[in-house]
Structures are given as structure tokens and as C-alpha cells.
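Read the structure below first, then the notes.
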Amino acid sequence: MIEVSGLTKAFGSKTALDEVNLTVPKGSVLGLLGHNGAGKTTLVNILSTLQRPTAGRARVAGFDVVSHGVEVRRRIGLTGQFAAVDETLSGHDNLVLIARLLGASRREAAARADELLEVFRLTDAARQRAKTYSGGMRRRLDLATSLVGRPEVIFLDEPTTGLDPVARRDLWDVVNRLVADGATVLLTTQYLDEADELADSITVLAGGRVIASGTADELKTRAGHRKVSVSLRDGAALERAAGALRGAGLAPVPDGTGGLVLTVPVRDSTDIATVVRAADGAGAGLTGLAYTEPTLDDVYMALNHHSTVRQ
Ligand SMILES: Nc1ncnc2c1ncn2[C@@H]1O[C@H](COP(=O)(O)OP(=O)(O)O)[C@@H](O)[C@H]1O
Ligand SMILES: [Mg+2]
């Protein structure tokens, strides 16, 4: 559904995208992962025909984004970092307006609006002005507006940035429903856990280049996997726990600062239980326990890529 080859975009002397290649099969979700400035929005803008590439090619739903922009625009839904909702209108009226602009009759437009309000759990707030909505409701309305025309391909540019954890979860649920309905989605994010939750495959961008691609599990494996850290009361207990863990086939790493913490890469819940049992069985009491998932920073680091731009 999306095919990108050698795509390059320069703004003057600044190269925002550098020979990017990727494909997104129909019905799948690609997570485009990268920090601020990586080139995510530029790629989404080119694929949605808002900007022209400097070099290379891109096709969306079978149409070239440069030579067949109208065909592409007819088939896509775009939700950007900066929303296109009219704040003075209600959620319902925003959706009706767009449906009417797309050629629906008054009755069809109202029906489509009601259906989307239901899907996005905005029915109760349907008649309130959008400016009274919370951040999460706004984001859901924004996403709903991009879906009025039943697009085949949906672009979500950092759909959860700035949302609180509950609103973020809510939006994930909605995206998962769209995907279950067969949409093809390209989603950008700065969060590995979000890409893990939503995407079938992940492409990591840094400085406009693709620096890695694969499934979330593949990237996490490269990034050093999940880890459990245990804190123990004394050094002898730490040694006993480390010995037990090595005996169980795990690879505990003492923290480099001479503290009483052991960090253990784990693969699954059995490993986690083994770590807790070994620490508890070391006879000097477990004083701390932490579980960490790798982040985008771990992926960058594992790839030896330090030139990340943060804004
Ligand atoms: N219109 C523009 N003019 C000049 N530089 C731009 C423009 N748009 C983006 N850039 C630069 O291109 C790079 C990629 O930006 P962007 O695609 O917005 O990244 P992301 O969405 O991953 O944060 C950044 O260095 C940004 O400053
Ligand atoms: Mg962006």
C-alpha cells in the first residue's frame, strides 16, 4: 500500500530525508520511530502530498505521490501533530462538515458522524464545542475527522504525543480497532513501547536515514532486551544471588558503581521469577526490584547511533 524508494528531501543545505526505502503491505501497520528532527513528519508530508520530494519515488495505494496527487489524496486519511478541528463547532458538526465537503448527503453525513462518535467514544460529548474537549478527546476527534471518507491508508503523526497515560491507552485501543478493520497505517512515534503495541513492523529513522528496521522484538533484542534489577543488603548476598543466577543459565551483571545491585537480562516471566527467587534465596533480603523495557534510546545506543536531536 505504501512503497518508498530512495526518497530524499532537502531544505536548502539541510537534508531532512536521505535515501529512505520502506514498504507497508496492505492491512499492516508500520511504526516509524525516531526522536524530534529525525524526519518523520517530512516523510508523512511527502506521502500525503503536502510536500514534494527532492529525489526518489513514493507510491501510496498504487499511485505516485508526485504525478497522481489527487488519486493519492482521495485514498488517505491524515492526522497530524497539529489538529485540523474547528474549535468553535461541536464534535458532531465537525464530522458532518467534513462528510458534506466529501459529497455526502445531509442524512449520510449525520449517520457517518454518529458512527464515528460512537467508535471514538465521543457520543456523550457530541454536541459540545470541540474547545471544551480534553486533550485525549481532541485527539480522538481529530483522528475521527481523518476517517470520515473511509481512507484505505491512514497516516498518524505522533498521535499520542502530549497525552496522559490513560488518554494514550484509549487512543491505542482506537488505533487497534482501525487496524482490525483492515486499514493500512503508517504511524510515527518517539516511543518504542507505542510502536511495540501498535505496529507490525518498525522502521527507525535518525537524521533522515533509516538506521534499522524489523519487528519490535527484533529491535528490543538488539537493544539488550528487558532487564530486571535487584538490590540486596550486602555483598555476600549479592555474590550468592549472582552464583545462583549463573547456575540457572542467566547472565547477571553487577552495576559498575560497586553498589549492591544486580541487573539481569530476561526473556520471559519464567526468567523474571528466577531472578526474584535467587535474590530472595540469597539470605540477606531483597531491598529493591525494578523491571525495565528497552526504549528508543537503547535502540539508538545499541546501533551505535548517538547523533539524536532533541528539541
Ligand atoms: N520546512 C522546513 N524548512 C527547513 N527545515 C525543515 C523544514 N521542515 C523540517 N525541517 C528540518 O528537517 C528535519 C526533519 O524534520 P521533521 O520531519 O519535522 O522531523 P520529525 O517529525 O521527526 O521531528 C529537522 O531537522 C527539521 O528542522
Ligand atoms: Mg514531526
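The values are calculated or read from the model by the stated rules, or taken from the named source; none is laboratory data. Note that this is a predicted model, so its numbers are computed, not measured. Backbone-built Cβ (ideal geometry, glycine too); neighbour counts: all protein chains shown. Note: areas computed on protein heavy atoms with side chains; ligands, DNA, RNA excluded. Shrake-Rupley method; radii C 1.70, N 1.55, O 1.52, S 1.80 Å.
Look at (1) within 29 Å of the chain's Cα centre (by Cα); (2) open to solvent by 50 Å² or more (accessible area, probe 1.4 Å); (3) small (Gly, Ala, Ser); (4) more than 21 Å from Pro159 (Cα to Cα) and you find that Gly103 fails only one, number (1).
Every condition in (1) closer than 21 Å to Val70 by Cα; (2) touching a helix residue (DSSP H, G or I) at 6+ places or on another chain (Cβ under 8 Å); (3) within 7 Å of ligand 1 (Cβ to nearest atom) holds for Gly34 except the one numbered (1).
Suppose we filter Val44, Val24 for residues that are within 16 Å of ligand 2 (Cβ to nearest atom) and buried (at least 16 other Cβ atoms within 10 Å of the Cβ); which single one remains? Show your work before the answer.
On the way: Val24 fails: within 16 Å of ligand 2 (Cβ to nearest atom).
Exactly one residue qualifies, and that residue is Val44.
Scanning region 241-267 for residues that are open to solvent by 70 Å² or more (accessible area, probe 1.4 Å) and either in contact with a Gly (Cβ under 6 Å, 6 or more places away or on another chain) or closer than 18 Å to Arg226 by Cα (or both) yields Arg246, Val253, Pro254, Arg267. Going through (1) away from ligand 1 (no atom under 16 Å from the Cβ); (2) out of contact with any Phe, Trp or Tyr (no Cβ under 8 Å at 6 or more places or on another chain); (3) free of Cβ contacts under 8 Å to residues at least 40 places away in the same chain; (4) closer than 26 Å to Val4 by Cα one by one, Arg57 falls short only on (3).
When you check Arg100 against the structure, is it at pLDDT 90 or above and part of a helix (DSSP H, G or I), yes or no? Quick ask: steps written out before the conclusion?
On the way: at pLDDT 90 or above: yes; part of a helix (DSSP H, G or I): yes.
Answer is yes for this residue.
Among the conditions (1) touching a residue at least 40 places away in the same chain (Cβ under 8 Å); (2) surrounded by 14 or more Cβ atoms within 10 Å (Cβ to Cβ); (3) within 8 Å of ligand 1 (Cβ to nearest atom), Met1 misses just one, which is (3). The single condition among (1) more than 16 Å from ligand 1 (Cβ to nearest atom); (2) open to solvent by 50 Å² or more (accessible area, probe 1.4 Å) that Arg52 does not satisfy is (1). Summed over region 148-158, the residues that are open to solvent by 10 Å² or more (accessible area, probe 1.4 Å), closer than 22 Å to Thr23 by Cα and in contact (Cβ under 8 Å) with a residue 24 or more places away in the chain give a count of 2. Per the conditions (1) surrounded by fewer than 19 Cβ atoms within 10 Å (Cβ to Cβ); (2) within 30 Å of Gly56 (Cβ to Cβ), the sole criterion not satisfied by Thr287 is (2).
Results for (1) of a type outside the set (Phe, Trp, Tyr); (2) more than 31 Å from the chain's Cα centre (by Cα); (3) at pLDDT 90 or above, shown as yes or no for each residue.
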| site | (1), (2), (3) |
| --- | --- |
| Ser201 | yes, no, yes |
| Gly214 | yes, no, yes |
| Arg226 | yes, no, no |
| Ala248 | yes, yes, yes |
| Gly258 | yes, yes, no |
| Gly281 | yes, yes, no |
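Entry remark, region 159-178: residues being touching a residue at least 40 places away in the same chain (Cβ under 8 Å) and open to solvent by 30 Å² or more (accessible area, probe 1.4 Å) number 3 in total.
Figure legend. Inter-residue proximity from region 187-204: first residues polar (S, T, N, Q) and away from ligand 2 (no atom under 16 Å from the Cβ), second residues open to solvent by 40 Å² or more (accessible area, probe 1.4 Å) and not in a loop (DSSP other than H, G, I, E, B), beta-carbon distance below 8 Å, spacing 6+ or different chains. Indicated pairs: Ser201/Ser213.
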